[in-house]
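Structure record follows, encoded as C-alpha cells.
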Amino acid sequence: MKNLSLLLLLCALMASCQSNKVLLQLDLAEGETYYQKSTMESHISQEFGGNNFDIDMNIVGDMSLKVLEVAGDSYLMEAKFDKMSMAMKMQTMEMAFSSEDADKEDSNPLSKMFGKMAEKPFSIKMSKKGKILEVSGMDEAFSSAVDEVAEVLGDDQLDKVKSQMKQNFGENGMLGNLQLTSPIFPEDKVEPGDTWDATITSSMNGVDANHQITYTYVKKENDQYYLQANGNTKMAQSEKVDPSVMPFPMTYDMGGTLNATIILDAKTGWIKTIDLDQAMEGFVEIEKNEQLPDGMSMPMEINMKTKVMD
C-alpha cells in the first residue's frame, strides 16, 4: 500500500510537470489575414575627419499577411504593405516620405514610390515553427514601383534608387529582417526556463548582420506566451553593396547585442508584441583608393529600437 501511494504521488508529480510544458508553433487558418505593424527608431553616431555626425531615422511598415494555403508544415501567404514611411534627420537636413502622402499634389517622388509599393503584393512562405522559408515577388514589386515614378526621378537617379531599394527591400534582405522579428520555435515542448538557440542573418543597408540568439520560454499568462530573446550581432563585409550607392570598398568591424521581449497569442502563436533593442559599435574601414590613398577608419555606434504589434 505504501509503495502504491508513492507510485501515485510520482505519477501526479510527472503529470503536473508535463502540464506546464507547451508546444510553441503557429496555428494559422487558411483564408485569414494577420497583421504586423512595426516601428524602428535608430540613432547612428559616426566620426568622420575629426567631426561627429549623427543620423536619426524612423521607419514604419504596417503589413498584412493573408494565408493562401496551408501545405503540410508551412504556410503560403500573400503579404502587402498597408503603410510605409521613413523620416530622417541629420545636422544639415531633414526629410520624410510616406505612402499616405503619395496622392498629394506636393508629394515627393519617394512618397509616390512608397505609395506604389503599398499597392503591390508579394509572397512569404513560413513554417509552423516560425522560420521564414522564402520571400518572392518583392524585387518585382519595388522595381515596378520605381519604374512608375521614373519620369519624376529622371534617368540619372533611377538606377541608384533601384539599387538602394533592393538593398533595403530586396528578397534576401526582407527574409532576414522579417525573421529577426519573427521568433523561431523549438521542435520539442518547453516549460518555463527552457532555452533554445537560433542563427539569423539580416541586412543593414546591404550589409549582412549575423545574429546568434538564445530564446527563453518565460511563462503562459492570460492566454499569451511570454518569451525573452538575447543575443550577439556581428556585421559582415560589404562586398554586396552596389558601387553606385557606396563607391568605396568598406569593411565593418562592428558588433553588439540584442535583447527582446516577445508576447505571442497562445491560440495561434502569432505575434502580439515584440520590443527589440539592438546596440552596436566599432569601426567602418574604407579601403585604400584613388580618392583616399591611405584609406580611412571611422568609429561608429548604432542603436535601434523596434516595436512590432499585431
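Derivation of every value follows stated rules applied to the coordinates shown; laboratory data play no part. No experiment lies behind these values; they were computed from the predicted model shown. Neighbour counts are summed over all protein chains in view; Cβ atoms, including those assigned to glycine, are modelled from backbone coordinates with ideal geometry.
The figures follow:
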| item | result |
| --- | --- |
| Relative contact order (%) - criterion: Cα under 8 Å, at least six apart; region: the stretch 53-148 | 24 percent |
| Sparsely packed GluC sites (Glu not before Pro) within the stretch 256-301, loop by DSSP, other Cβ within 10 Å at most 10 | 290 |
| Hz values of 3J(HN,Hα) by residue in the stretch 218-225 - Karplus curve (6.51, -1.76, 1.60), Gly and Pro given as x | 8, 5, 10, 8, 6, 6, 9, 9 |
| Sorted peptide list for 24-32, 110-118, criterion being average Cβ within 10 angstrom, highest first | 110-118, 24-32 |
| Ranking of 235, 309 by count of other Cβ atoms within 10 Å, fewest first | 309, 235 |
| Neighbourhood net charge (11 Å Cβ-Cβ; Lys/Arg +1, Asp/Glu -1) for residue 194 | 0 |
| The stretch 15-84 - percent relative contact order, Cα under 8 Å, separation 6 or more | 29 percent |
| Relative contact order %, the stretch 176-225, counting alpha carbon pairs below 8 Å whose residues are six or more apart | 35 percent |
